[in-house]
1. Identify, please: which residue in the range 152-181 is among the small types (Gly, Ala, Ser) and assigned to a loop (DSSP other than H, G, I, E, B) and is, among those, nearest to Arg93 (Cα to Cα)?
2. With respect to the numbered conditions (1) of a type outside the set (D, E, K, R); (2) at pLDDT below 85; (3) over 18 Å from Gln256 (Cα atoms); (4) crowded, with 17+ Cβ neighbours inside 10 Å, which one is the sole condition not fulfilled by Gly163?
3. It is to be established whether one or more residues within the range 144-151 are in contact (Cβ under 8 Å) with a residue 24 or more places away in the chain, assigned to a helix (DSSP H, G or I) and surrounded by 22 or more Cβ atoms within 10 Å (Cβ to Cβ).
4. Could you please find all residues in the range 239-281 being closer than 30 Å to Ala195 by Cβ and either in a loop (DSSP other than H, G, I, E, B) or hydroxyl-bearing (Ser, Thr, Tyr) (or both)?
5. What number of residues within the range 11-30 are exposed (fewer than 15 other Cβ atoms within 10 Å of the Cβ) and within 27 Å of Trp82 (Cα to Cα)?
6. Suppose the filter is crowded, with 20+ Cβ neighbours inside 10 Å and part of a helix (DSSP H, G or I); does Leu33 pass it?
7. Please determine, by comparing only the residues of the range 86-97 that are over 14 Å from Gly139 (Cβ atoms) and within 11 Å of the chain's Cα centre (by Cα), which one is surrounded by the fewest Cβ atoms within 10 Å (Cβ to Cβ).
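The values are calculated or read from the model by the stated rules, or taken from the named source; none is laboratory data. Remember, it's a predicted structure, so these values are computed and weren't measured experimentally. Note that we place each Cβ from the backbone using ideal geometry, even for glycine, and neighbour counts take in every protein chain shown.
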Amino acid sequence: MPEPGWGTALAFPLAVLAETYTALGDHETAASLLERRLPAPTHRTIFAVPHQHARGLNHLALGRPREALACFVSCGETLRGWGLDTPSLAPWRAGAAEAWLALGRPERAVRLLDDRLADPVHHHPRARAGALRVLAAAGAAEHRPATLTRALELYRTCGDRYGTARVLAELGRAHRELGDEAAARELLAQAHEAALACGIERPPPPPEPAPEPAAPPSAGVILTGAERRVATLAARGLTNREVAAELSIAVSTVEQHLTRVYRKYRIRHRRELRARLTTGA
C-alpha cells in the first residue's frame, strides 16, 4: 500500500519497524523512523500509543531515561483515559519501571509493577515476563536468578525468542555476580545462540541494576556496584567497547560510569585505576 494510503494507521508499522531496529541496536535508523511526519489527527487515535511506546524504548536504548519515562507515562495516561489499559497495546508499565531504575529510583520501579493498578500486566504472559525482568534488576542479587527463571519460563511459553535471549543473558550475568561461573558461561552461550537466531549479535543491555553501595575503597569514596564492575574491567586493560561487551551494556553507559569513578577518585587517567582499586587510596 502506498504510504499516503495508510492515513493515521501509518504510525503502527513505523512503530514496529522502530522497535525492531532498536532491538537490533540500530538506534539511528529507529530514531529516523520515529521522526517521520504523521497525519495531524494521529495523536487522537490508538495508533499513536505503540508509536509513543517505541519512542520510549529508543530513548531507553540511547541512555535517556527521563525522556523515555515521559513517553511511557504518556502511553499510560492515554490508555487509562480510554479505558483500554492492556499490555497488548503497549506494556508501558514495564518501560516506565525500567526508566525509573535507570534514574536510580528502584523503589518507584517496584511500586509501579507491584501496585494493584498493574493487575493487567499479571494476566498477560509477555508483559508479566517483562515486569519480572525489571523487578529482578531492582531486587537483591541473590534473588535475581529465581525471578529471571520465572521470566524465562513465561517468554518460552509465549514463544518470544527475543525475550528469551535477553533473559538468558541476564541470568548468566546474575550467576556470574554470585560466583557461579560454570552456570554463567552455559547461560551466556545459550543467550548468544538465541540472539543469533533472532538476527542480532548479542542481546541488548539489561535494565541497570539498582545501585548498591560497594565497600568503600577509602574513607571518602564509595562506588556503586555498577561503577565498581566497570572500573575493575577497565583497570584490567579492557577498552570501553570491550567492557560494554563483557557486561552487555552500552558504550555510553561505560563512559558515564568511568566519568563518575574518575571524579570520585580525583584521577584523570585509566592507568591510575588499578592502584586506586587495589589500595583504596
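1. Gly159
2. (2)
3. Looking for residues that are in contact (Cβ under 8 Å) with a residue 24 or more places away in the chain, assigned to a helix (DSSP H, G or I) and surrounded by 22 or more Cβ atoms within 10 Å (Cβ to Cβ), one finds at least one in the range 144-151, hence yes.
4. Correct list: Thr239, Ser248, Ile249, Ala250, Ser252, Thr253, Thr259.
5. Residues flagged as exposed (fewer than 15 other Cβ atoms within 10 Å of the Cβ) and within 27 Å of Trp82 (Cα to Cα) within the range 11-30 amount to 1.
6. yes
7. Going residue by residue through the range 86-97, those that are over 14 Å from Gly139 (Cβ atoms) are 86-96.
Filter once more, so that each one left must be within 11 Å of the chain's Cα centre (by Cα): 94-96.
Numbers: Ala94: 27, Gly95: 24, Ala96: 26.
Applying the filter and picking the extreme gives Gly95.
Every residue, every condition in (1) among the aliphatic types (A, V, I, L, M); (2) not in a helix (DSSP H, G or I), yes or no:
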residue	(1), (2)
Trp6	no, no
Leu10	yes, no
Ala18	yes, no
Ala23	yes, no
Thr42	no, no
Asn58	no, no
Leu84	yes, yes
Ala97	yes, no
Ala109	yes, no
